[in-house]
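Here is the structure we will look at, set down as structure tokens.
What follows draws every value from the coordinates through simple rules; no lab data is involved. Only a predicted model underlies this, so the values are computations on that prediction, with no experimental measurement involved. Cβ coordinates were reconstructed from backbone atoms using ideal geometry, including for glycine residues, and neighbour counts include every protein chain displayed.
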Amino acid sequence: MFSNSRRDSEERSMTTPSIDIPKHLFEVPVYLPSLQPKLTPRAIQKAEAQLGVKLPAAYLAALRVQNGGYLRLSDHPSYLAPVDCLAGIGPRFPSILRHDWGDLKAYMSENKIKKPRRIDDLIPFCGDGHYHFCFDYRKRGRESEPCITYIDVECFDVDKVLAPDFLTFLHQLRAEQEPACGISTSQPIEAVAAALADASGCPLEDQGDWGHGYRTFHFDLPVADDKQGAWLTPNRVRRGFVRQDDPEYATLAARMPGFALRYPEHADCDYFLSTKVDTEAWRSLTRALSSLPYESRAIVLE
């Protein structure tokens with residue numbers, strides 16, 4: 001027979017609904033230098049003890065999917081700043097354990113800046129030093145569910161609640177939308193790039209794989225469209241990547257072997273031709289693509 005306390009624990013475990021983390025939250029491939037070690041109960045306990053707060057269940061659920069890193073869903077409807085990464089729990093950057101308000105508090109005190117107030121009760125999980133998205137414990141206390149607040153610590157003019165909790169905040173996020181064409185072919189990407197450059201007359205640059213972990217070809221579109229560019233990229237890429245000049249390359253390169261699709265919802269596409277803005281130059285490039293012996297279709301990458 002189970003004791004009452006153990007039975008109650010089991011019942012809570014069985015009846016608590018799973019947390020609905022958005023699909024495709026994280027970017028593929030994973031940038032391995034930003035990926036923390038696998039999340040453990042002990043790591044959570046130590047983090048909460050160090051921070052002096054109870055971390056949101058939805059945040060921990062997201063870290064069980066991937067312990068920190070860059071986000072595919074990086075646009076928030078407030079348009080205050082990109083939510084480009086999620087700090088994980090661990091020793092790597094970005095880590096929720098590495099924030100320190102000391103210098104900022106000294107600057108605020110010296111300049112008699114009052115906003116944001118009670119900054120010690122804000123725990124940042126994304127930001128660049130000029131702005132931060134934070135777990136905000138100021139209203140409900142450090143043992144309760146925090147709301148999500150954006151603060152500007154460059155101009156000190158924004159201290160704004162964006163969502164009542166982290167799960168709501170996650171479901172507010174959207175991916176940046178890009179006009180694109182999905183391409184299906186067994187030809188290697190360099191052959192597709194060369195054929196499209198010949199058909200369109202657009203200058204072509206092989207940018208290699210240093211920037212994103214997968215090979216990228218850039219097309220210069222006419223100057224009349226303010227030097228708008230287009231990119232040819234693969235769908236199937238390595239699950240994780242680290243640059244060869246990284247001091248930890250030998251260790252990190254083996255962390256996530258194998259391949260994954262950047263956009264699994266477009267699994268029939270081998271490559272994507274994409275741009276940032278739909279212009280006449282872009283439409284001319286897509287017409288050149290349609291003249292080539294590849295299957296292609298218009299899509300929106302998001």
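Key figures
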item: Normalised convex hull volume, the range 4-172, alpha-carbon set, Å³ per residue; result: 125 Å³
item: Cα shape, the chain, gyration tensor, a/c 1.5 rule; result: prolate
item: Computed E for Ala199/Arg255 - FRET, C-beta separation, R0 30 angstrom, nearest 0.05; result: 0.15
item: Entries in Lys46/Lys115; Lys46/Lys114; Lys114/Lys160 that, when Cα-Cα distance is taken, lie over 20 Å; result: Lys46/Lys115; Lys46/Lys114
item: Cut-off 13 Å (backbone N to label point 7 Å along Cα→Cβ of Glu145), residues of the range 41-71; result: 56-59
item: Extension gain (nm, one decimal) between Asp20 and Ala298, 0.36 nm per residue minus Cα-Cα; result: 97.1 nm
item: FRET E, pair Ser284, Ser78, Förster distance 30 Å, beta-carbon r, rounded to 0.05; result: 0.25
item: C-alpha center-to-center spacing [the range 238-259, the range 125-204] in angstrom; result: 23 Å
item: Estimated Rh, the range 75-191: Kirkwood, alpha-carbon pairs, angstrom; result: 16.2 Å
item: Value of relative contact order over the chain, rounded to a whole percent, pairs C-alpha under 8 Å and six or more apart; result: 18 percent
item: Separation in nanometres of the label points that stand 7 Å from Cα toward Cβ, at Arg64 and Phe93; result: 3.1 nm
item: Ranked list, fewest to most other Cβ atoms within 10 Å of each Cβ, for Tyr107, Tyr31, Tyr137; result: Tyr107, Tyr31, Tyr137
item: Unit charges at the beta carbon, dipole of the range 187-302: most positive-side option, Leu289, Ala230, Ala253; result: Ala253
item: R0 of 45 Å, Cβ-Cβ distance Glu248-Trp101: FRET efficiency to nearest 0.05; result: 0.95
item: Over the range 29-150, relative contact order from alpha-carbon pairs under 8 Å, at least 6 apart, %; result: 22 percent
item: Cα-based Rg / Dmax (Å) for the range 163-210; result: 18.4, 53
